[in-house]
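Asker: Handing you a structure now.
Every read-out reported here was derived from the displayed coordinates using simple, explicitly stated rules and does not represent laboratory data. Everything quoted here is computed from the prediction, not taken from an experiment. All Cβ positions, even for glycine, are placed from backbone atoms using ideal geometry, and neighbour counts span all protein chains on display.
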Amino acid sequence: MEAGQLSHLKRLENESIHIIREVAAEFNNPVMLYSIGKDSAVMLHLALKAFYPSKPPFPLLHVDTTWKFKEMIKFRDETVRKLGLDLIVHSNSEGVERGINPFDHGSSNYTHVMKTEALKQALDKYGFDAAFGGARRDEEKSRAKERVFSFRNSSHAWDPKKQRPELWSIYNSRVSKGESIRAFPLSNWTELDIWQYILAEGIDIVPLYLAAERPVVQRSGTLLMVDDERFPLLEGESPQKKMVRFRTLGCYPLTGAIESDATELNDVVGEMLLAKTSERQGRLIDHDDAASMEKKKREGYF
Amino acid sequence: MGFVESIQGREVFSSYIASQENKGLLRFLTCGSVDDGKSTLIGRLLYDSKLIFEDQLSALERDSKKHGTVGEDIDLALLVDGLEAEREQGITIDVAYRFFATDKRKFIVADTPGHEQYTRNMATGASTADLAVLLVDARKGMLTQTRRHAFIASLLGVRHVVLAVNKIDLAGYDQARFEEIKAEFEAFIASFEFDSSIAIPISARFGDNVSARSLNLGWFDGPTLMEHLETVDFEDAAMNGPIRFPVQWVNRPDHTFRGYSGTVSGGILRKGDQLAVASSGKTSIVERLVTYDGELEEAHPGQAVTVTLKDELDISRGDVLGSANNRPEVSDQFASHLIWMSETPLYAGRPYILKIGGRTVTASVTEIKHKIDVNSFEHLSGKQLDLNEIAFCNLSTAQPIAFDPYEANKDTGSFILIDRMTNETVAAGLIWFGLRRATNVHRQALNIDKTARAQLMGQKPVVLWFTGLSGSGKSTIANALEQKLHDLGKKTYILDGDNVRHGLNRDLGFTEADRVENIRRVAETAKLFVDAGVITLVSFISPFKAERQMARELMEEGEFYEVYVDTPFDDCAKRDPKGLYARALAGEIKNFTGLDSPYEPPEAPEITISTQDATPDALAERILERLQQDGVLSAI
């Protein structure tokens, strides 16, 4: 470590804690989006640090599309119980009734109804004026320009041309009724930072990130895990057991696995260092067109 | 360079990963315009540090064919121009943050556009940067914009600069050309007193001297750009200063624990240190430095901790704890640089929200001392500040705040201004020094106060603030009301354009800036009349919400009646008692409210009257009844 200076992970950790405290101090009714993935795990860990010895003064919100991996839900419930935190689970019941699913309705349509709309419903229902998200600027091009405190209008939309200037570590938290802020404490972290931090801090993550034998089928170059009986097998398709892991976790029909022997965290970080593809490649929603994330965010996606 | 690809075996890996955990972090900004190859340089840095993945590369090839500007080659710039609009226009219009790492350091790059109209964005990027890379085209050399970039970087307290002389390939890798630019650069920045500065010749497009040495530049004996970024010593000066700990959050899990959570912003905070609360001056001793990972003996700038003190003091969010023997300044008046970031201009006298650390107060600019031309650095005079303008100003806050000069501490010396109506961030401020005026001019304590005067008069002094378009009937109604009050034996006074514009405010015109100042003076005068016990009727168009709000806040609760005379524009124009509408519509009068200057109607006036459904006398009667109901007309 360089003399007299904090390591890059410590600098990032401290910055995130500052942001998390700032949100808790300035908003009436904040909530932390908890997606159960590795970024959420880090964000939650930072929240525990930020308020210690108090507990984080806000609930967690999980937007459940009903298509998450079973192991994710199990991990979520265990984590919340172990830490004694409040968890709100919200699903778009209208979407569930209409039977919206990623197989029949296309990833884009499905994501809009079960994620974006569901999220907006939950934020409106509980009247949250700030919501933490675990997004990082290195994930995607439109994220690179998003603020740490990202303003959303009363219909939850993001306007890239009307972003508030953000200087130093001073964040503008003022909103009118109905408007809100999405706060991104991990803005300056990279995927590698996340893994290094998980390793250094011994943070629990969903076992799906580690390689294990899992039933998968291959579709247009992507390995999909057959997580439950709702997975419609095509003619001639039968699940194969393969050693796979996931670099990113979402809805199982939309999340590609990679073949890997990395059964321990250390190995995962090792593979990560040698990786030749970026992590969102495993996510099918970003591929529609070059500006697909920007469009989604304008509609209110995280 | 890059992540070592040949490492094999788990143990080697583990130790490699462990070494990567303890790297330092350098934040830098790149400034220059698209033409200088700024985006290409960042693309090159990412590419060279192997942070471009195969899928991104194939997306890049696709995009290069669609929008690229370098023929068949992959256009590295497209990698960084993020938003849709930018990809189409080929310009970088916002600050984007990029990340890469080498074996030695991790880097966060603030990628900021170069044109003058983006001063706002560059200042944003510079506010968190340890170093600035100023990019010039070797063929063009130092430009006006390069000087502007150096100035803004210096103003924002960036201590290290690199002049990257790019496109040296197009200048024939010519040493003489490079030396010429370097000499000019060194002469220019001498006055800025950067801690370090260096000029480096590079070709971002071909990679010469970015991260790999180039045979084409064999004559250059300095480091590559990457080597310099990896090794430049940028120690945080705040560490050697006095202790500063802005309190972010009071941590009270139960009655047994009371701590103050925040981030150390200056000095080294140790157990046993004596600290003072800046606002109250009370002192105590640091008992514990609590963190999730255990108690600390000391905490450095940038560390987020929770402090407990030996004594129970009244401390809340926004307070600053400082070394007891070296405290921050506390004042409600100070001088600072302002960088204006809004399309709506700044007017002296208009109130804004000021946020410094965890503290939020109402503030206004009392005087624009001078504006600074960012290209020539000349001082200019001005009554308003427009988007991207920088000025040296005096500010005053509604309550005293604790601060340090920005030069001494960036955290306690910086603030933002927020518009009270739109909630936009409109300015960034850098404090230079406190103005002692407020503390030295003590108010003369008077024996007879407002209540005593009001009692003698048998009334409760209030302001009736009539607002509405020109010709809406404000003055007519105010006159009728004053007559009625007078008949009841009440002491009154009317402030209107006739008696104020010709005397007190005769130096003011009708620009937006002058209108703001006009209303400020009227409001202050009304306050004096109320203090004298008088029922004060103010009849001014007062078109802006912000100023009416300011007037309201000068008075005490219940003393301010906003009376909205709601006459539609067409009616006023038809009535046109002074012939002003005819002249304005003919283009003879500029800045006419309702025509080419806006009127912002009140959102929650105490009284709204419409001249369409009653005579002025009846309307005055209605207001009188309201005052009677509220007890204004009887003794306190």
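Asker: Aspartates and glutamates within cross-link reach of B:K38: Cα-Cα under 13 Å, excluding same-chain residues under 8 positions apart?
Answerer: Of all the aspartates and glutamates, those that pass the test against B:K38 - Cα under 13 Å, at least 8 places apart if same chain - are B:D75, B:D81, B:D111, B:D137.
Asker: Let me know the Kirkwood hydrodynamic radius for the stretch B:238-323, please, with Cα pairs as the basis and the value in Å to one decimal.
Answerer: On the way: mean 1/r = 0.0800 Å⁻¹.
Computed over Cα pairs of the stretch B:238-323, the Kirkwood hydrodynamic radius comes out at 12.5 Å.
Asker: Further, regarding this structure: Kirkwood hydrodynamic radius (Cα pairs, Å) of the protein assembly as shown?
Answerer: Numbers: mean 1/r = 0.0323 Å⁻¹.
Averaging 1/r across every pair of different Cα atoms and inverting gives 31.0 Å.
Asker: What residues qualify as long-range amide H neighbours of B:Y599, i.e. H under 5 Å apart, gap of 5 or more or another chain, H built at 1.01 Å from N?
Answerer: It is B:G594, by chain and number.
Asker: For the stretch B:330-339, in order, what is each residue's ³J(HN,Hα) by Karplus, 6.51 cos²θ - 1.76 cosθ + 1.60 with θ = phi - 60°, in whole Hz (x at glycine and Pro)?
Answerer: Listing the rounded values in order: 10, 7, 10, 9, 7, 9, 8, 7, 10, 10 Hz.
Asker: Let me see the P(r) profile for the stretch A:84-169: every Cα-Cα distance counted, bins of 5 Å, each bin given as a percent of all pairs.
Answerer: Taking every Cα pair in the stretch A:84-169, the percentages come to 3, 11, 18, 20, 19, 16, 10, 3, 1, 0.
Asker: Are there any GluC sites (Glu not before Pro) in the stretch B:113-196 that are in a DSSP loop and have at most 15 other Cβ atoms within 10 Å? List them by number.
Answerer: Here the sparse-neighbourhood loop sites are B:E193.
Asker: I need the fraction of alpha carbon pairs in chain B separated by more than 36 Å, rounded to a whole percent. List each step's numbers first, then the result.
Answerer: Numbers: 109284 of 201930 pairs.
For chain B, the share of Cα pairs beyond 36 Å comes to 54 percent.
Asker: Same structure, new question: Can you sort B:M239, B:M555 by how many other beta carbons sit within 10 Å, fewest first?
Answerer: If I rank by nearby Cβ atoms, fewest first, I get B:M239, B:M555.
Asker: Working from the pairwise distances between different alpha carbons, so that the mean of 1/r is found and then inverted, what is the stretch B:113-191's Kirkwood radius in Å?
Answerer: 13.0 Å
Asker: Lysines within cross-link reach of B:K590: Cα-Cα under 20 Å, excluding same-chain residues under 8 positions apart?
Answerer: The reachable lysines, counting only those whose Cα sits under 20 Å from B:K590, are B:K383, B:K574, B:K578.
Asker: Okay, moving on. Near B:K490, which aspartates and glutamates are there with a Cα under 13 Å away, not counting those fewer than 8 places off in the same chain?
Answerer: Of all the aspartates and glutamates, those that pass the test against B:K490 - Cα under 13 Å, at least 8 places apart if same chain - are B:E482.
Asker: Per DSSP H run of n ≥ 4, the term is -39500 (n - 2.57); total these for chain A, divide by its residue number, and report the mean residue ellipticity at 222 nm rounded to 500 deg cm²/dmol.
Answerer: On the way: 9 runs with 94 residues, N = 302.
After summing the helix terms and dividing by the residues of chain A, the value is -9500 deg cm²/dmol.
Asker: Moving on. So which of A:K38/A:K120; A:K141/B:K106; A:K177/B:K410 end up more than 26 Å apart, counting from Cα to Cα? If you can, show how the numbers build up before the last one.
Answerer: Numbers: A:K38/A:K120 23 Å; A:K141/B:K106 19 Å; A:K177/B:K410 33 Å.
With Cα atoms farther than 26 Å apart: A:K177/B:K410.
Asker: Do any chymotrypsin sites (Phe, Trp or Tyr not before Pro) in the stretch A:19-103 lie in a loop, going by DSSP, with at most 16 other beta-carbon atoms within 10 Å of their beta carbon, and if so which?
Answerer: The qualifying sites are A:F103.
Asker: Under DSSP H, which helices of chain A have Cα atoms covering 18 Å or more of the helix axis and a Kyte-Doolittle average no less than -1.0?
Answerer: Helix filter hits for chain A: A:8-26, A:38-51.
Asker: Please label the shape of chain A as rounded, prolate or oblate, based on the square roots a ≥ b ≥ c of the eigenvalues of the alpha-carbon gyration tensor (a/c under 1.5 means rounded; beyond that, a/b larger than b/c means prolate, else oblate).
Answerer: Since a/c reaches 1.5 but b/c is at least a/b, the shape of chain A is classed as oblate.
Asker: Return an integer: the convex hull volume of the alpha-carbon atoms of the stretch B:492-580, in Å³ per residue.
Answerer: 114 Å³
Asker: Ranking B:T40, B:T608, B:T344, B:T567 by Cβ neighbours within 10 Å, fewest first, what do you get? Could the numbers behind the result be given before it?
Answerer: Details: B:T40 26, B:T608 14, B:T344 17, B:T567 20.
Exposure proxy ranking, most exposed first: B:T608, B:T344, B:T567, B:T40.
Asker: What number, in nm² with one decimal, is the all-direction average of the projected area of the convex hull of the alpha-carbon atoms of the stretch A:180-270?
Answerer: 8.1 nm²
Asker: Also, I was wondering about something else. Can you run the Rg to Rh ratio on the stretch B:330-437? Use alpha carbon positions and the Kirkwood inverse-distance Rh.
Answerer: 0.93
Asker: Let me ask you something else. Just want the ordering: A:T111, B:T611, from fewest to most Cβ atoms lying within 10 Å of their own Cβ. Let's see the in-between values first.
Answerer: Working: A:T111 24, B:T611 21.
Ranked by crowding around the Cβ, least crowded first: B:T611, A:T111.
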